[in-house]
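One structure is given below, encoded as structure tokens.
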Amino acid sequence: MKLWSPVLVVLVLVLVLVRAKADDGFVSTRGQQLILKGSPFYANGFNAYWLMYVGSDPSQRNKVSSAFEEAVKHGLSIGRTWAFSDGGDSPLQYSPGSYNEKMFQGLDFAVSEARKYGIKLILSLVNNYENMGGKRQYVEWARDEGQSISSDDDFFSNPVVKGLYKNHIKSILTRINSFTRVAYKDDPTIMAWELMNEPRCLSDPSGNTIQAWIREMGSYLKSIDGKHLLEAGLEGFYGQSRNQGNTNFQVGTDFIANNQIPEIDFATVHSYPDQWLTGSTNQNQLSFLDTWLNEHIQDAQNILHKPVLFAEFGKSTKNSASDQRDQLYNAVYSTVYSSARGGGAAVGGLFWQLLVEGMDSFRDGYEVILSENPSTANLISQESKRLIRIRKMYARLRNIEKLKRAKEMGRAEWEKALKGGNNSPGN
């Protein structure tokens, strides 16, 4: 029986160990890049807030599957959705700590289907707005417990409210998926948690209230789950020192300070020029968008030293032609690709929002039904292909480096064996 040479043994062992580590499946960060399986992860994506709600009805689950199937066909690999629905009709959380199992199974199904289709998910944990409960519902629950609360913004500072929200964080993270039997905190299908969809605290424009809240909630979440990434859910508005970049918005957040908190792994930016610059021309909106995108990329690279994801963008076709929406998509995609191609901080964009046929009640003017919008679908596919090519390039370079390192290790071990007087290979 011929034995393997020490060089080959070491080479095989090194490659096996590297492969085992690479197959981890969790997205991580390295400097200003997202990392998946050891290589930079640039990815095109979408928003579909409705996945849990639709998935809670077994007769409608085919729409969740169809959305993921359509997404994969167009190269999309990140989806963002809600992991909340507080009080009201069809809630996930009936009342503090009391959960609707049917709705939870809808979220379970969405996560399990994303896993099947190879799509990474960002799960948002609460809404800033009263849609589906949000911070207003938490404040009402605290009032029901006898708390004297004057404003919805007390969500960020009242200790009882904060305790209710922490309980929700724990409930989501420790949930055992009824389809996969994997705890959410252990499932690499989930790319990241989002503390809140578009946090705003108008009563404190300094940003200090939200800064303290992000720090506290980020630390709490990470104490339960150290495997997943965390982002705050910010729109990208700057603090008072750089208000000129906010199109007159001052919402109590600070893109720089909030994202410098160590527990926040990557920054997010939303882009809605048609809402923020109402009455302005399409060209003015595109000009603003160009500045908005590039300014945040530069800040992510030079100040934050973290990745930045353009987590929401879109343009309503209710008030503009579809070709204007395509212009906006093209502007976002070109900027993201230009940054990614140069190893920059922009890691992807998620358009708002993906629907499939038969979901007319979910239309909001920003929807994209890929089968109905061929020009937009083509732009989406092109961007996906470009980002996938970048990922493949990095993967090839990494494989070359792995082989080179393995050979070097093998040679060193072989020389060490010879010096030690070991038998020659094959004996």
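Taking the residues in region 84-96 that are among the polar types (S, T, N, Q) and either surrounded by fewer than 24 Cβ atoms within 10 Å (Cβ to Cβ) or within 19 Å of Lys120 (Cα to Cα) (or both) as candidates, determine which candidate is farthest from the chain's Cα centre (by Cα). It comes out as Ser95. State yes or no: is Gly365 in contact with a Ser or Thr (Cβ under 6 Å, 6 or more places away or on another chain) and surrounded by fewer than 20 Cβ atoms within 10 Å (Cβ to Cβ)? Taking the combined requirement at face value, the residue satisfies it. If only one of Gly365, Gly343 is at pLDDT below 95 and at positive phi, which one is it? Exactly one of Gly365, Gly343 is at pLDDT below 95 and at positive phi, namely Gly343.
Within the set Tyr129, Tyr99, Tyr138, Tyr117, the sole residue that is closer than 15 Å to Asn167 by Cβ and surrounded by fewer than 24 Cβ atoms within 10 Å (Cβ to Cβ) turns out to be Tyr99.
If the condition is being of a type in the set (S, T, N, Q) and buried (at least 20 other Cβ atoms within 10 Å of the Cβ), then region 159-197 contributes Asn177, Thr189, Asn197. Selection of first residues in region 113-132 that are under 16 Å from Arg61 (Cβ atoms) and among the small types (Gly, Ala, Ser) and of second residues that are buried (at least 21 other Cβ atoms within 10 Å of the Cβ) and modelled with pLDDT of 95 or more, restricted to Cβ pairs under 6 Å at least 6 apart or on distinct chains, gives the following pairs, ordered by first then second residue: Ala114/Leu121; Ala114/Thr189. For region 278-294, the candidate set comprises residues that are hydroxyl-bearing (Ser, Thr, Tyr) and part of a loop (DSSP other than H, G, I, E, B); within that set, the residue that is nearest to the chain's Cα centre (by Cα) is Thr278. Note on region 43-83: residues that are of a type in the set (Phe, Trp, Tyr), in contact with a Ser or Thr (Cβ under 9 Å, 6 or more places away or on another chain) and crowded, with 24+ Cβ neighbours inside 10 Å amount to 1. Residue pairs whose Cβ atoms lie under 6 Å apart, separated by 6 or more positions or on different chains, with the first residue in region 207-223 and under 14 Å from Pro159 (Cα atoms) and the second part of a helix (DSSP H, G or I) and β-branched (Val, Ile, Thr), do not occur.
So, in region 296-305, of the ones that are in a helix (DSSP H, G or I) and under 20 Å from the mean Cα position of the chain (by Cα), which residue ends up farthest from Gln324 (Cα to Cα)? The selected residue is Leu304. A single member of Asn47, Asn100, Asn62 is touching a strand residue (DSSP E or B) at 6+ places or on another chain (Cβ under 8 Å) and farther than 30 Å from Val308 by Cβ, and it is Asn100. A count restricted to region 146-162 and to residues that are of a type in the set (D, E, K, R) and free of Cβ contacts under 8 Å to residues at least 24 places away in the same chain stands at 2. The single condition among (1) in a loop (DSSP other than H, G, I, E, B); (2) surrounded by fewer than 16 Cβ atoms within 10 Å (Cβ to Cβ) that Lys315 does not satisfy is (2).
Remark: pairs (first residue in region 361-376, closer than 19 Å to Gln60 by Cβ; second residue in a loop (DSSP other than H, G, I, E, B); Cβ separation under 7 Å; 6+ apart in sequence or on different chains) = Phe362/Trp50; Glu367/Gln353; Ile369/Val356; Ile369/Glu357; Leu370/His74; Ser371/Glu357. On the stretch given as region 133-144, residues that are touching a residue at least 40 places away in the same chain (Cβ under 8 Å) and out of contact with any Leu (no Cβ under 7 Å at 6 or more places or on another chain) total 5. Being within 19 Å of the chain's Cα centre (by Cα) and among the acidic types (Asp, Glu) is a condition met by no residue of region 200-208.
The values are calculated or read from the model by the stated rules, or taken from the named source; none is laboratory data. Note that the coordinates shown come from a computational prediction; the quantities given were computed from them, not determined experimentally. Reconstructed Cβ throughout: ideal geometry from the backbone, glycine too, with neighbour counts over all protein chains shown.
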